[in-house]
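Here's the structure, in structure tokens; my notes come after.
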């Protein structure tokens, strides 16, 4: 077997690489310049120049598209023959080194995981400690808020005193670094207690006011009932007084009628007696015939205010001229001037008697009817 010939590979220096080393680019600029020179810009003045202009443009366009295709082909060759090979080789190298790295990283990772676990446990314990302290504060506040919410107006004083005793004797050292939060909680609870006290006080005042208003309403109803009762009593008294006045007036009228009737009867009886006496005197005069008729005088009649026999038609008394007979007095003239109804009523008031009719019967005769 012939011995293998060792082929020496040329080292490819990327730092000294130039695109001019690519064979595809060798003489490319000269080729482009030649095409450009063969296809100059044409001024279009007619159909011939128009066609020449299009031909020149098409040649330059073909040059451009050819360069673009060549560019893509060169890039594909570079990627296939250089970049892909480089990637593959480096991937193998990196994989070997990665294994060595992992062999060295694993112990570090295990140790760091242990440290992280310890750190997390320490953090958990610290958070638990903090949570317990905060819970102590929250439980304290929640307990008093519950008491404040359920207290009544009557228990305000006792609960307020208990709250004061509670926060003044509280051991704040258990709160450790959160000790400064306790006064804040106390201030919040104090404000809550104050608001609750105001609310309960307002409610109690409203309740007392309602009771007062109800009592006033009851008193007003009672007073109204009393006044209505007094009004009914006054109405009844007025009706009774009116009835008594009407009865008194009726009794007075009846008494007046009775007095007038009695006076009339007495007057008639008096007239009858006087007439009888006059007739007797005339008979005696006639019997004796000792005096002349012209000398016969009318019997002396009573003086003023004394009732005479009533001569209704002013006839002449037998054997006595009518001119000599005095006009009789009226029934009113038979009563003394001072004895009037007003006078009698005034005397009744002074007497102290209760019955007007009884007073009249005992002190006066029946008057003459008008």
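The values are calculated or read from the model by the stated rules, or taken from the named source; none is laboratory data. On a predicted model such as this, the values are computed, not experimentally measured, just so you know. Every residue, glycine among them, receives a Cβ derived from its backbone with ideal geometry; neighbour counts consider all protein chains shown.
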Response to the item:
When restricted to 137, 115, 93, 147, the only residue free of Cβ contacts under 8 Å to residues at least 40 places away in the same chain and within 46 Å of the chain's Cα centre (by Cα) is 147
Worksheet item: Looking at this structure, is residue 257 touching a residue at least 24 places away in the same chain (Cβ under 8 Å), within 21 Å of residue 363 (Cβ to Cβ), surrounded by fewer than 16 Cβ atoms within 10 Å (Cβ to Cβ) and out of contact with any helix residue (DSSP H, G or I) (no Cβ under 7 Å at 6 or more places or on another chain)?
Response: yes
Worksheet, complete the sentence: Per the filter on region 42-55, residues surrounded by 10 or more Cβ atoms within 10 Å (Cβ to Cβ) and touching a helix residue (DSSP H, G or I) at 6+ places or on another chain (Cβ under 7 Å) are 42, 44
Practice prompt. Could you identify the single residue in 214, 276 that is part of a helix (DSSP H, G or I), assigned by TED's automatic domain parsing to the domain that holds residue 156 and at negative phi?
Written response: 214
